[in-house]
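I have placed the structure first, in the form of structure tokens, so that the comments after it can refer back to it.
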There are 2 protein chains.
Amino acid sequence: MMNKPHQITIKDIAKTLGISVSTVSRALKDHPDISEETKRQVQQLASSVNYRPNALALGLRKSKTNTIGIVIPEIVHHFFSSVISGIDDVAYATGYNTMICQTNENVEQEKSNIQAMIDSRIDGFLISISKDTTDFSHLKRLQDDGYPVVFFDRVCEDMPSHRVITDDFEGARIATRHLVSVGCRRIVHLTSAPSLVISRQRRSGYLMALRESGIEVDESLIFQADSRESVYAQVEKLVSMVPHIDGIFAINDMTAIAAIQVLQQNGFRVPEDVAVIGFGDGPMSEIVSPTLSTVEQKGYEIGAEAMRMLTRQIEGGVMNSDFETRMFTPVLHPRESTRR
Amino acid sequence: MMNKPHQITIKDIAKTLGISVSTVSRALKDHPDISEETKRQVQQLASSVNYRPNALALGLRKSKTNTIGIVIPEIVHHFFSSVISGIDDVAYATGYNTMICQTNENVEQEKSNIQAMIDSRIDGFLISISKDTTDFSHLKRLQDDGYPVVFFDRVCEDMPSHRVITDDFEGARIATRHLVSVGCRRIVHLTSAPSLVISRQRRSGYLMALRESGIEVDESLIFQADSRESVYAQVEKLVSMVPHIDGIFAINDMTAIAAIQVLQQNGFRVPEDVAVIGFGDGPMSEIVSPTLSTVEQKGYEIGAEAMRMLTRQIEGGVMNSDFETRMFTPVLHPRESTRR
């Protein structure tokens with residue numbers, strides 16, 4: 001955050017570069033009439049001197065609505081609710097309203113949500129893409145049209161952008177190392193679709209932790225189960241693995257809880273026979289028996305940081321260069337499901 | 001729902017009443033230039049002949065954005081997520097986008113959300129008021145200004161309006177009668193602030209069920225505890241009541257789950273010593289041990305019906321008369337916490 005007094009004016013920037021005030025102003029707004037080279041020069045200088053447009057003047061701009069749009073897959077997930085709390089708190093403190101659209105994991109709905117928000121003349125976007133989104137052209141266009149955008153959690157991999165994400169690799173590594181530290185050696189990993197970045201990252205973190213601990217990787221211990229339903233559909237497979245396994249690292253908390261319940265229903269004890277750890281830390285983890293060990297995704301912090309990054313873009317003029325990525329490392333919460 | 005073919009035109013209405021087509025049109029849009037008496041005549045006739053404006057023509061109106069605004073207290077509650085799913089499904093099928101604003105239970109944020117939505121030129125509002133909202137003038141103004149509005153779950157008691165709500169009285173009566181049916185006679189009721197309508201309604205349903213079963217009401221068995229924290233803050237009080245009590249009806253599921261865990265931690269068995277039932281039916285109720293009996297609020301159905309009512313208002317012209325109320329009765333889900 002730039003908390004310095006606003007000493008530098010748009011005139012200073014114009015004078016330094018030997019161009020007109022209106023050119024600087026339009027360059028900062030990413031106006032199409034201004035050349036890329038001039039924009040780059042203006043934006044670099046503005047950034048290096050911490051130039052911030054006068055907030056009052058910005059508020060008087062006809063197009064400023066002081067509303068930002070949040071586009072998320074599904075609000076029913078506790079993680080997204082936490083992110084939104086973080087966004088809302090920063091937004092409220094800085095005088096912004098927020099509006100939320102759900103894509104329901106559907107790319108067509110994502111496009112239509114974004115268009116509705118453009119029509120509503122919102123000042124900027126916070127977006128977490130749907131599972132269904134493999135073509136990013138509508139998102140690229142949004143950036144190219146000069147809208148301030150920050151992606152969070154689910155980001156476009158191949159497109160340079162502002163991002164706030166969870167360090168999934170490190171979180172999975174922390175979770176797996178915790179299982180090793182309580183004596184597990186044969187650790188199952190319940191994963192999700194390999195097309196999802198989080199699946200690949202969490203799997204890599206799991207593999208790294210095993211290697212670091214000198215445990216040989218057994219690919220047969222990795223299989224796809226990422227929901228309560230998918231665990232129940234594979235009860236026999238999971239149960240037949242005990243007692244050859246002594247730990248489970250599940251890609252999310254709901255899957256971990258389902259695995260615990262399936263083991264218990266089949267006469268095994270958690271954590272004595274099999275220790276279990278999840279990923280996410282929703283309210284479920286503390287009310288189940290045994291309580292669930294997990295690594296907590298910093299949803300609130302992710303939302304707050306994404307909103308701060310967006311505010312800097314909106315109030316500092318759109319800078320669709322110098323893209324920043326902020327990663328938040330999950331924190332271990334050891335509970336009863338690994339206590340042994 | 002009006003599914004008839006559109007036989008009646010605005011010209012027929014004008015002819016019947018002996019006024020101009022433009023007067024009818026403006027009366028249907030609740031235009032301030034038209035007298036209340038004319039509006040009433042036009043709207044009554046339009047309603048009685050099932051007049052519906054041509055949908056295509058409506059879509060061409062400059063102000064139509066095909067976006068509706070949802071104003072809710074907090075999305076983190078499973079009930080509101082369910083309501084939004086219901087709204088979204090109907091909205092998507094009928095070509096509307098939805099935008100959600102959270103009030104965080106703050107009336108100032110509620111006002112500012114509504115203003116932002118007006119500025120975004122949304123077509124209509126679905127609103128559940130914040131706990132903090134005791135002055136309804138901003139909501140009254142919204143209606144008076146001719147915006148289509150449907151309130152759901154938390155409604156303005158003193159203001160005539162379109163409403164879709166849970167039958168809290170009947171839900172509480174069903175829950176309490178279930179406890180009586182499994183043999184409970186000394187039933188604690190954990191309630192919430194008496195200023196909330198749902199508290200008063202659920203308490204009345206509880207009292208009615210006791211009276212119907214010939215059980216004498218003991219006011220000392222009713223006390224305020226509506227969250228996990230408040231149950232834990234009153235552990236001694238609750239535990240000291242056993243074995244003089246044999247049942248608990250909690251105002252929501254989280255409170256019921258906390259009560260079960262407090263009893264278990266103090267050496268009592270659920271349901272053998274005390275049977276427990278909640279209200280709400282979130283995903284928690286099936287993953288705790290014992291699984292929680294509860295009455296399910298029909299969140300999805302409430303959302304879908306609210307959206308259908310709003311669509312009828314938007315597409316049929318605003319009729320801020322003939323207010324409708326739809327009530328959904330919760331459904332009993334008996335599980336292990338009352339199985340005896």
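Details
- The lone exception for B:Gly86 - which of (1) farther than 20 Å from A:Glu105 by Cβ; (2) open to solvent by less than 10 Å² (accessible area, probe 1.4 Å); (3) among the small types (Gly, Ala, Ser) it fails: (1)
- Among the residues of the stretch B:64-74, those identified as within 19 Å of B:Gly316 (Cα to Cα), out of contact with any Gly (no Cβ under 8 Å at 6 or more places or on another chain) and either within 10 Å of chain A (Cβ to nearest Cβ) or acidic (Asp, Glu) (or both) are B:Thr65, B:Thr67.
- Apart from one condition, B:Ile118 fits all of (1) assigned to a helix (DSSP H, G or I); (2) within 14 Å of chain A (Cβ to nearest Cβ); (3) in contact (Cβ under 8 Å) with a residue 60 or more places away in the chain; (4) not polar (S, T, N, Q); the exception is (3).
- Within the stretch A:201-214, tally of residues that are surrounded by fewer than 20 Cβ atoms within 10 Å (Cβ to Cβ) and closer than 19 Å to A:Val164 by Cβ: 1
- Verdict on A:Ser337 being of a type in the set (Gly, Ala, Ser), farther than 18 Å from A:Ile127 by Cβ, touching a helix residue (DSSP H, G or I) at 6+ places or on another chain (Cβ under 7 Å) and within 14 Å of another protein chain (Cβ to nearest Cβ): yes
- Residue within the stretch A:75-82 that is within 11 Å of chain B (Cβ to nearest Cβ), within 17 Å of B:Gly69 (Cα to Cα) and within 18 Å of the chain's Cα centre (by Cα) present: yes
- Residue check, B:Ser47 modelled with pLDDT under 80, open to solvent by less than 60 Å² (accessible area, probe 1.4 Å) and out of contact with any His (no Cβ under 7 Å at 6 or more places or on another chain): yes
- Filter result for A:Ile174 (of a type in the set (A, V, I, L, M), surrounded by fewer than 24 Cβ atoms within 10 Å (Cβ to Cβ) and on the phi < 0 side of the Ramachandran plot): yes
- Residue satisfying condition, being open to solvent by 10 Å² or more (accessible area, probe 1.4 Å), under 20 Å from A:Phe323 (Cα atoms) and touching a residue at least 60 places away in the same chain (Cβ under 8 Å), within set A:Arg163, A:Arg141, A:Arg185: A:Arg163
- The residue pairs whose first member lies in the stretch B:83-102 and is within 9 Å of chain A (Cβ to nearest Cβ), whose second member is acidic (Asp, Glu) and open to solvent by 10 Å² or more (accessible area, probe 1.4 Å), and whose beta carbons are closer than 8 Å, counting only pairs six or more residues apart or on different chains, are B:Gln102/B:Glu74.
- Filter result for the condition that a residue is within 14 Å of another protein chain (Cβ to nearest Cβ) and open to solvent by less than 10 Å² (accessible area, probe 1.4 Å), over B:Ser289, B:Ser285: B:Ser285
- Residues of the stretch B:132-153 satisfying the condition of being touching a Leu at 6+ places or on another chain (Cβ under 7 Å) and in a loop (DSSP other than H, G, I, E, B): B:Pro148
- Scanning the stretch B:215-227 for residues that are surrounded by 15 or more Cβ atoms within 10 Å (Cβ to Cβ) and under 22 Å from B:Thr133 (Cα atoms) gives B:Ala225, B:Asp226, B:Ser227.
- Look at the stretch A:222-242: where a residue is over 22 Å from A:Gly205 (Cβ atoms) and without any contact (Cβ under 8 Å) to a residue 12 or more places away in the chain and a partner is open to solvent by less than 60 Å² (accessible area, probe 1.4 Å) and small (Gly, Ala, Ser), sitting 6+ places away or on another chain with Cβ atoms under 6 Å, you get A:Gln234/A:Ala225.
- For B:Tyr147, the requirement of being among the hydroxyl-bearing types (Ser, Thr, Tyr), more than 13 Å from every other protein chain (Cβ to nearest Cβ) and open to solvent by 40 Å² or more (accessible area, probe 1.4 Å) is met.
The values are calculated or read from the model by the stated rules, or taken from the named source; none is laboratory data. Just so it is clear, the structure is predicted and the values come from calculations on it, not from any experiment. Neighbour counts are summed over all protein chains in view; Cβ atoms, including those assigned to glycine, are modelled from backbone coordinates with ideal geometry. The area values use the complete protein model at the heavy-atom level, side chains included, leaving out ligands, DNA and RNA. Shrake-Rupley method; radii C 1.70, N 1.55, O 1.52, S 1.80 Å.
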